[in-house]
Amino acid sequence: MFMIGNVSPKARELVQTCQDALNSAISICAPGVPLSEIGKTIEAIVKPHGFSINEQFCGHGIGKHMHDSPDIYHTYDKKMDKIIMVPGLVFTIEPIINTGKANGKVDADGWTVRTIDGGLSAQWEHTIGITEDGATIFTEKMVND
């Protein structure tokens, strides 16, 4: 996620809130935690700012296929209470939040998504793996000393 040029305060708030939601969701990931906690955590960060959370798209497991099970919802979903994080589970968390309505529409190219009301949108994503004592972020930028 990059901000280019003269970015409005509302857009900056949107981008920062999305990043905060992702980081907070990652911070609760550990063995024994239900996957539903990811959505609960994201909602707790996003809702006070008045932003909406896109529910058309979700994070996903990484396994034999790039988009594998389980789905990782960015809002609370009761059925995810039953799926518990275990060591070795690898998945993405990739919330999309908007200033207006939650959902978007896919362009004719089949790839580009725009908000349905023309509002601003932000997305951050990381791939993480559950370890014996927490989680590892696989997509975090590595900095050499």
Query raised in the report: List the pairs whose first member sits in region 27-47 and is touching a residue at least 24 places away in the same chain (Cβ under 8 Å), whose second member is polar (S, T, N, Q) and open to solvent by less than 10 Å² (accessible area, probe 1.4 Å), and whose Cβ atoms are under 9 Å apart, counting only residues at least 6 apart or on separate chains?
Result: 45/17; 46/17
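Modelled with pLDDT of 95 or more, in contact with a Ser or Thr (Cβ under 6 Å, 6 or more places away or on another chain) and of a type in the set (Val, Ile, Thr): which single residue out of 115, 131 fits that description?
115
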Query raised in the report: Is it true that some residue in region 50-65 is under 20 Å from residue 128 (Cα atoms) and in a helix (DSSP H, G or I)?
Result: no
Query raised in the report: Can you tell me which residues in region 106-115 are farther than 20 Å from residue 15 by Cβ and either open to solvent by less than 70 Å² (accessible area, probe 1.4 Å) or part of a loop (DSSP other than H, G, I, E, B) (or both)?
Result: 107, 108, 109, 110, 111
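Is it the case that residue 51 is of a type in the set (Phe, Trp, Tyr) and either touching a helix residue (DSSP H, G or I) at 6+ places or on another chain (Cβ under 7 Å) or in contact (Cβ under 8 Å) with a residue 40 or more places away in the chain (or both)?
Considered against the rule, which asks whether it is of a type in the set (Phe, Trp, Tyr) and either touching a helix residue (DSSP H, G or I) at 6+ places or on another chain (Cβ under 7 Å) or in contact (Cβ under 8 Å) with a residue 40 or more places away in the chain (or both), residue 51 comes out as yes.
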Query raised in the report: Quick check, is residue 61 more than 15 Å from residue 102 (Cα to Cα), buried (at least 17 other Cβ atoms within 10 Å of the Cβ) and either in contact (Cβ under 8 Å) with a residue 24 or more places away in the chain or among the hydrophobic types (A, V, I, L, M, F, W, C) (or both)?
Result: yes
Query raised in the report: If you scan region 68-105, which residues turn out to be touching a residue at least 12 places away in the same chain (Cβ under 8 Å), under 20 Å from residue 124 (Cα atoms), outside any loop (DSSP other than H, G, I, E, B) and open to solvent by 50 Å² or more (accessible area, probe 1.4 Å)?
Result: 71
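For every residue, the table says whether it meets (1) among the acidic types (Asp, Glu); (2) closer than 27 Å to residue 29 by Cα; (3) in contact with a helix residue (DSSP H, G or I) (Cβ under 9 Å, 6 or more places away or on another chain); (4) modelled with pLDDT under 95.
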| position | (1), (2), (3), (4) |
| --- | --- |
| 78 | no, yes, yes, no |
| 84 | no, yes, no, no |
| 88 | no, yes, no, no |
| 92 | no, yes, no, no |
| 97 | no, yes, yes, no |
| 104 | no, no, no, yes |
| 110 | no, no, no, yes |
| 121 | no, yes, yes, no |
| 127 | no, yes, no, no |
**Report entry** region 1-47: number of residues that are aliphatic (A, V, I, L, M), farther than 14 Å from residue 94 by Cα and open to solvent by 60 Å² or more (accessible area, probe 1.4 Å)
**Finding:** 3
Query raised in the report: Can you spot a residue in region 60-82 that is closer than 14 Å to residue 18 by Cα, among the hydroxyl-bearing types (Ser, Thr, Tyr) and out of contact with any strand residue (DSSP E or B) (no Cβ under 8 Å at 6 or more places or on another chain)?
Result: no
Query raised in the report: For region 116-145, what are the residues that are in contact (Cβ under 8 Å) with a residue 12 or more places away in the chain, in a strand (DSSP E or B), among the hydroxyl-bearing types (Ser, Thr, Tyr) and over 17 Å from residue 74 (Cα atoms)?
Result: 131
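The values are calculated or read from the model by the stated rules, or taken from the named source; none is laboratory data. Worth saying up front: this structure is predicted, and the values here are computed from it rather than measured. We place every Cβ from the backbone using ideal geometry, glycine too, and count neighbours over all the protein chains shown. All accessible areas refer to the heavy atoms of the entire protein, side chains included, with ligands and DNA or RNA removed. Shrake-Rupley method; radii C 1.70, N 1.55, O 1.52, S 1.80 Å.
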